[in-house]
Amino acid sequence: MKPCHSIAIFLFLVCCIGISSVHGYDCAKRSIIRDMNQALAQTLSEKENGWITPDTIQNYRSHLRIPELRDRSFLYYAMNNNAKEALCSRKMSWHRNSSSLEFQSYANCSMASVFALSDQRLTGIISLMALLWMIFSLGYFRNCHKGMVVFGNMMLDEVERCFYDLKHRPIRLTPMQQQLMTMFFTADDHKLSKQDICDALWPRKPDASDTLYTLIKRLKLTVEKNGNLRIVSDRGKDYQLQIKS
């Protein structure tokens, strides 16, 4: 598994958390409106042969099935404001003799209050899954790269002194190439002088410039293909292993 795959799955779970949370909020909002509709309908039906009095609001509240709404919901004469701006029931008519009035109920609920009333169990489950996935991924990549020096798309096993790609597939190198790559991986800034390389690889050879040139030329092809790396030369005196841009 590549790190990008792990991140993609984590981001997918985060998106699911957001969608689930919004869905729960919308369901709670619709549930509040349905409750206000039925409570208002019952209240007005009970007042068909009576008068609308201040006690009517108490009757209305007693019909609410969501306990949290009983101190937050009010009856009003229907107003011409935009119903989308607040939580409100639909307009309902009340008839008395030849008179007709429209009533509407409003809920004084903030977004936080509606969210608190929503069912966020699914969101909680997905959040737990995202947390567990993050912990698993961190542990997985930590164990995969344990004892490894990673640079570019190549990894050096410090114990076996072997090279692998990020999928833990071995990268074939000659003994000389492997020794030189080990020097590059363990050097500061992955930089080596020409003299240090020659002294380490060919200590008894007076001038190994041509041999080093051939070795570097062949090694470049391997590291560019398997490691997304390149070997750059500074006036033939120093060589540095760099990540390809």
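The values are calculated or read from the model by the stated rules, or taken from the named source; none is laboratory data. If you're wondering where the values come from, they're calculated on a predicted model, not measured in any experiment. Cβ coordinates were reconstructed from backbone atoms using ideal geometry, including for glycine residues, and neighbour counts include every protein chain displayed. These accessible areas exclude ligands, DNA and RNA; they are computed on the full protein's heavy atoms, side chains included. Shrake-Rupley method; radii C 1.70, N 1.55, O 1.52, S 1.80 Å.
Ignoring ligands and nucleic acids, what accessible area does SER245 show with a 1.4 Å probe (Å², nearest 10)?
Accessible area, nearest 10 Å²: 150 Å².
Return one whole number: the accessible area per residue of the chain in Å², for a 1.4 Å probe.
64
Within the accessible area of the chain, what % is carbon and sulfur when the probe is 1.4 Å and the other protein chains stay in place?
About 55 percent, which is the carbon plus sulfur part of the accessible surface.
What is segment 130-238's relative contact order, in percent, from Cα pairs under 8 angstrom and six or more apart in sequence?
After rounding, I find 23 percent.
Do the sum for the chain: with -39,500 (n - 2.57) for every DSSP H run of n ≥ 4, divided by all residues, what is the mean residue ellipticity at 222 nm, to the nearest 500 deg cm²/dmol?
That calculation yields -16500 deg cm²/dmol at 222 nm.
Sort MET183, MET155, MET176 by heavy-atom solvent-accessible area, probe 1.4 angstrom, most to least.
If we order MET183, MET155, MET176 from most to least accessible, we get MET176, MET183, MET155.
With Cα extents along the principal axes in Å in mind, check [x] 57, 38, 33; [y] 76, 39, 30; [z] 118, 32, 23 and report the label derived from this structure.
After the calculation, the listed value that fits is [z].
Got a number for the accessible area of CYS162? Probe 1.4 Å, square angstrom, nearest 10.
Answer for CYS162: close to 40 Å² accessible.
Loop-only trypsin sites (Lys or Arg not before Pro) in segment 148-245, please: DSSP not H, G, I, E or B, and at most 15 other Cβ atoms within 10 Å.
Here the trypsin sites (Lys or Arg not before Pro) that fit, given the DSSP loop and packing criteria, are ARG161, LYS167, ARG172, ARG204, ARG235, LYS237, LYS244.
Relative contact order for the chain using alpha-carbon pairs under 8 Å, separation at least 6, rounded to a whole percent?
16
Can you send over the solvent-accessible area of ASP199, 1.4 Å probe, protein chains only, in Å² to the nearest 10?
80
Students sometimes get this wrong: rank TRP94, TRP202 by accessible area, probe 1.4 Å, all chains present, largest first. Walk me through the numbers on the way to the answer.
On the way: TRP94 15, TRP202 35 Å².
Highest to lowest solvent-accessible surface, that is TRP202, TRP94.
Apply the Karplus curve 6.51 cos²θ - 1.76 cosθ + 1.60, θ = phi - 60°, to the phi angles in segment 151-166 and return the couplings in whole Hz, x for Gly and Pro.
Each residue's phi maps through the Karplus curve to give 8, x, 9, 10, 10, 9, 7, 5, 7, 7, 6, 10, 10, 9, 8, 5 Hz.
Counting only protein chains, not ligands or nucleic acids, how are ASP119, ASP26, ASP157 ordered by accessible area (probe 1.4 Å), most first?
Result of the area sort, largest leading: ASP119, ASP26, ASP157.
Report, in cubic angstrom per residue, the convex hull volume of the C-alpha atoms of segment 117-188.
Normalising the Cα hull of segment 117-188 by residue number yields 107 Å³.
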